[in-house]
Amino acid sequence: MFNGLFGQDWQTDLEKAQKLAVEGHKNIVLVFQGSDWCAPCIKLDREIWSTEEFQHLAKDKFVMLKADFPRRQKNKLPSDQEEQNKELASRYNPKGYFPYVVVMEASGKVLGDAGYEKTTPKEYFQKLSSL
């Protein structure tokens, strides 16, 4: 499967992400973001997640899972997705930090976390890989 021109292959369902992580022997990177109101979240997306360099490095190492919390009505998620994201937040981001990045094993065991940093895609990838 070629994803190079289509951006990061984001999952939005934890169970599916876990299944893919087990099958691919990968860890999961869970990203909590407010895509239409959180300036550091938008920067993290633009400067790291959306870059070809990060996508190339991450595709064989991580399953990317997004929990978005948009505020604008036009960006409203389906209610089942909102509920699922709230459950992820209560379990993995109880303090409500944005952006908040959690690296975990396929089992759900948390290996570490990160936030927004002004850095290169390669350095951010290396940081996540070292957790």
Exercise for the section: Need at least 1 residues that are without any contact (Cβ under 8 Å) to a residue 60 or more places away in the chain per element, so show me which strands (runs of 3 or more DSSP E) inside segment 45-131 make the cut, counting only ones lying wholly within it. Expected result: 62-68, 110-114
Fill in the blank from the handout: (1) farther than 24 Å from Ser130 by Cα; (2) free of Cβ contacts under 8 Å to residues at least 12 places away in the same chain; (3) assigned to a helix (DSSP H, G or I) all hold for Glu23 apart from (1)
Fill in the blank from the handout: With criteria (1) out of contact with any helix residue (DSSP H, G or I) (no Cβ under 6 Å at 6 or more places or on another chain); (2) farther than 14 Å from Gln33 by Cβ, Ala89 comes up short on (2)
Handout entry: Scan of segment 19-48 for residues that are of a type in the set (A, V, I, L, M, F, W, C) and crowded, with 16+ Cβ neighbours inside 10 Å, ordered by number
Key = Leu20, Ala21, Ile28, Val29, Leu30, Val31, Phe32, Cys38, Cys41, Ile42, Leu44, Ile48
Fill in the blank from the handout: Selection over segment 94-107 where residues are within 14 Å of the chain's Cα centre (by Cα), surrounded by fewer than 18 Cβ atoms within 10 Å (Cβ to Cβ) and closer than 18 Å to Ala17 by Cβ yields a count of 1
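Laboratory data are not the source of any read-out in this text; all were calculated from the coordinates shown. These numbers were taken from a predicted model, which means no experiment stands behind them. Don't worry about glycine lacking a Cβ; one is built from the backbone with ideal geometry, like all the others, and counts go over all protein chains shown.
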